[in-house]
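Report on the structure given below.
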Amino acid sequence: METKLIYVMDPLCGWCYGSADNLLKLTQQYAGRLAVEIIPAGMWAGVNVRTQSRAMAQYFIRHDRQIEALTGTAFGTDYFAFLGKEVVLDSEVPSRAIMAVQQLAPEKAVVFMVKVQQARYQHGKDLNDTQVYLNICQELGIDTGVFQERFTSASLQVLTLHAFEKATSYASAYPSLFIEHNGRRILLEQGYASYAELDESVASIVN
């Protein structure tokens, strides 16, 4: 039976950004030994879509500083400047992009997810802009035409909504990282754990 990491996250979750590099390191460390499934959570989707406001920006900044202090993950100056803009915060769009790549190039899905979060949290990009994803696809050698066709398909929109439902059944806080092994799903992380802690936990299971 396949051993698999299951990562429940949201592209607009700062703590998920703070933890993403650890997932990338894990997948590189255990390449060929662990499959990976990313389940976007839809934290701000549907009725929960918000518009980025000044009050919201102040809330973000307080939490972002905590995330930086705990994880060592840097937030970019372009991101903090971007917080001054009124933009729609809709998790569905970047989640759908991640789902598209997970289908088209699963071996690149984790790197793509990390770069999507870096686009916002380092470079201050609006994740409603399709060009953000096309640029990442070009960088990773993913066919942009095939991506765009899949990204805009009605079937993928449905699958993304199903992923949101699945995420809710798996976890109530993000990020949550599980390992599925011998038919059991084991929680490795909820919130933040260091890479050393995660590596030790995974190694104890797969070895």
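The values are calculated or read from the model by the stated rules, or taken from the named source; none is laboratory data. Everything numeric here is computed off the predicted structure, so don't read it as measured data. Here Cβ is always computed from backbone atoms with ideal geometry, including for glycine, and neighbour counts include all displayed protein chains. Areas reflect the complete protein model, heavy atoms only, side chains present, ligands, DNA and RNA absent. Shrake-Rupley method; radii C 1.70, N 1.55, O 1.52, S 1.80 Å.
Over the residues of region 1-131, compute the C-alpha Rg and express it relative to 2.2 N^0.38 Å.
Cα-based Rg divided by the globular estimate yields 1.06.
In whole Å, how far is the Cα centre of region 16-53 from that of region 72-136?
Measuring centre to centre over Cα atoms gives 11 Å.
Out of R33, R185, R96, any idea which swings most in a Gaussian network model of the chain, alpha carbons joined below 10 Å?
It is R33.
Using a 1.4 Å probe on the protein heavy atoms, what percent of the accessible area of region 133-207 belongs to carbon and sulfur?
48 percent
Please tell me which of these pairs span more than 24 angstrom C-alpha to C-alpha: K4/K125; K85/K166; K25/K85; K4/K108?
With Cα atoms farther than 24 Å apart: K4/K125; K85/K166; K25/K85.
Once you list every other residue whose beta carbon is under 14 Å from the beta carbon of Q157, what net charge do they have if Lys and Arg are +1 and Asp and Glu are -1?
-2
Sum up the charges of everything whose Cβ sits under 13 Å from the Cβ of V114, counting Lys and Arg as +1 and Asp and Glu as -1, but leave V114 out.
+2
From largest to smallest, what semi-axes in whole angstrom does region 109-201 give when each is the square root of 5 times an eigenvalue of its alpha carbon gyration tensor?
Square roots of five times the eigenvalues give 28, 18, 13 Å.
Within the set of other residues whose C-beta is less than 15 Å from the C-beta of W15, count the net charge using Lys and Arg as +1 and Asp and Glu as -1.
With Lys, Arg at +1 and Asp, Glu at -1, the neighbours total -2.
Could you sort 122-128, 5-11 so that the peptide with the highest average Cβ count within 10 Å comes first and the rest follow in order?
Result, highest mean Cβ count within 10 Å first: 5-11, 122-128.
Collect residues whose amide H, placed 1.01 Å from N in the peptide plane, falls under 5 Å from the amide H of I6; neighbours closer than 5 in sequence don't count.
So I6 has HN proximity to E37, F178, I179, E180.
Q66 versus T51, label points 7 Å from Cα toward the beta carbon: distance in nm?
With each label point 7 Å from Cα toward Cβ, the separation is 2.7 nm.
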